[in-house]
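Working notes for the structure below.
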Amino acid sequence: MVEFQNASRLKRIAIEEVDRLRDELIDLSLRIHANPELAFEEYKAVEWLTGALEARGFRVERGSCDLATAFRASFGRGNGPRIALLAEYDALAKLGHACGHNIMGTASVGAAIAVSKVMSNLDGEVLVIGTPAEEGGGGKAIMIERAAFADIDAAMIVHPGTKTRVVTRALASATIEVEFRGKSAHAASRPEDGVNALDAMILSYNNINALRQHIRRDARIHGIITSGGEAPNIVPSYASGRFFVRAEDDLYLDGLLEKVLDCFRGGEKASGARLTYHMPEARYAPLRNNMALAEAFGANLRELGVAVQPEDPNRASGSTDMGNVSQVVPAIHPSIGIAEETISTHSPEFATAAISESGHHGLLNAAKALAMTTIDLLTNAKLLAQMKEEFARK
Ligand SMILES: [Zn+2]
Ligand SMILES: [Zn+2]
């Protein structure tokens, strides 16, 4: 490892490199934004992001973990730490890049290229791990099972938002898909022959509404009915729905899930329609912030002149599969402010913010702070040890 004092010189070089890359990074972000791709279909984004890395001498493996739109790109060698900057690049149905993932993938690629410029001074590796399907599908959870993070020392990703925060909160989350099967009949002439699957769903939905009064304030239950019959004069023989159940910790989530399932069992019992359910994807784990890493990242943001807001203990930002990563590797998932506070992510206004001047500004600052923190980890043995010791504590 080089002397700690050298770190600030290397950081200056990395910052200058991000500034040099400015136009290319903004162009990349705009292109991904203009070509929104859904979970596991992010082919163009992956081609463009990996193309930029390959052109800079990164070793690129596409389709890693047997996922067509996952990738792993690395630069550097030796016995030093392996620092992974994660990339997300999936969009939302109908809303496009309303979560700003066009900024996330691009910032990590910009940061990694900047670090590669000083890598000859360092022992270790900087990686970009491309992770598909954050908005549903749990790409990172699948990649963890396939050992994508087994040799990684730290993982970081920056999410755009309305506030700049180093420590963010994300809930454990489970998805339930529910189906009820009843029996169709003429709704007017032979209603006594029917078993109403839609009634089963609506009773269940109302059971959940009653349950909601008596759950912990951090928990969330929300869902939609995806199918509820064919015509008013046919007793619905089939109804289906998709629900998310979330809580701050896995233990509470386990208990809450059982109560939610009881709500559906109640609907089954009352209506006579048969219930089946399954959980189509891996659960999202709560986010575990590594405070040593967070402090280093915050110091770098402040050095860039970016104001950092304190953690808000009453506000979770939803859920992310970065939570799963944070359970297996020391990790952070900071947020960088790019939009007015009144604007919610997953809205058309946020999609606009993701390609605004302030979106570009956030992208470049995120890339710089990621690069600087990577350099910290590659030069400061004490920080690395602190981070690992904190993670081991649990
Ligand atoms: Zn989102
Ligand atoms: Zn997001």
note = For the range 172-278, the percent of accessible surface on carbon and sulfur atoms (probe 1.4 angstrom, ligands and nucleic acids excluded) is 52 percent
remark   = One quarter of the C-alpha convex hull surface, i.e. the mean projected area of the range 95-166 in nm², amounts to 6.2 nm²
ask   = If r is the Cβ-Cβ distance from SER8 to HIS361 and R0 is 30 Å, what FRET efficiency results, to the nearest 0.05?
value = 0.85
request  = Determine the sum of side-chain charges near ALA155: Lys and Arg each +1, Asp and Glu each -1, restricted to other residues whose C-beta is under 14 angstrom from that of ALA155.
outcome  = -1
ask   = Could you sort ASP321, ASP151 by accessible area so the largest value comes first, with the probe set to 1.4 Å?
value = ASP151, ASP321
Label-point gap, in nm, between ASN121 and LYS183 - each point 7 angstrom along Cα→Cβ = 7.8 nm
query = Could you list log10 I(q)/I(0) for the range 131-246 at q = 0.09, 0.12, 0.17 Å⁻¹, which the Debye formula gives when each Cα is one point scatterer?
reply = -0.44, -0.68, -0.96
ask   = the range 286-328: which trypsin sites (Lys or Arg not before Pro) are DSSP loop and have at most 15 other beta-carbon atoms within 10 angstrom?
value = ARG315
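How high is the FRET efficiency between ARG302 and THR226 when r is their beta carbon distance and R₀ equals 41 Å, given to the nearest 0.05?
0.35
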key: Accessible-area order (highest first, 1.4 angstrom probe) of the listed residues ARG146, ARG165   = ARG146, ARG165
ask   = Top mean-square fluctuation among SER173, SER240, SER189, Gaussian network model of the chain, C-alpha springs under 10 Å?
value = SER189
remark   = Computed over the range 172-278, protein heavy atoms only, probe 1.4 angstrom, the accessible area per residue in square angstrom equals 53 Å²
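Using Cα-Cα distances under 8 Å and only pairs 6 or more residues apart, what relative contact order does the range 172-278 have, in percent?
Dividing the mean separation by the residue count of the range 172-278 yields 44 percent.
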query = Expressed as a fraction of 2.2 N^0.38 Å, the rule-of-thumb size for a compact globular protein of N residues, what is the C-alpha radius of gyration of the chain?
reply = 1.09
query = Label points 7 Å out from Cα along the Cβ direction at HIS278 and ARG242: separation in nm?
reply = 1.5 nm
ask   = Any idea what the dipole of the chain comes to, in debye rounded to 20, about its Cα centre with Lys/Arg Cβ at +1 and Asp/Glu Cβ at -1?
value = 480 debye
task = Sticking with the crude label model, points 7 Å out along Cα→Cβ, report the distance from ARG190 to LEU251 in nm, one decimal please.
result = 5.5 nm
DSSP beta bridges in the chain [antiparallel fraction, %, rounded to 5] = 70 percent
remark   = Sorted largest first, the C-alpha extents of the range 190-288 along its principal axes in whole angstrom are 56, 26, 18
ask   = How large is the helix-only mean residue ellipticity at 222 nm for the chain, computed as the sum of -39500 (n - 2.57) over DSSP H runs with n ≥ 4, divided by its residue count, in deg cm²/dmol to the nearest 500?
value = -13500 deg cm²/dmol
ask   = Of PHE243, PHE40, PHE71, which is the most mobile in a GNM of the chain whose springs link Cα atoms less than 10 angstrom apart?
value = PHE243
remark   = One checks the Cα atoms of the range 332-393 and finds Rg and Dmax, in Å, of 16.1, 44
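The values are calculated or read from the model by the stated rules, or taken from the named source; none is laboratory data. The shown structure was predicted, so the numbers you read here are calculated from the model rather than taken from an experiment. Cβ: placed from backbone, ideal geometry, glycine included. Neighbour counts: every protein chain shown. For accessibility, only protein heavy atoms count, side chains too; no ligands or nucleic acids. Shrake-Rupley method; radii C 1.70, N 1.55, O 1.52, S 1.80 Å.
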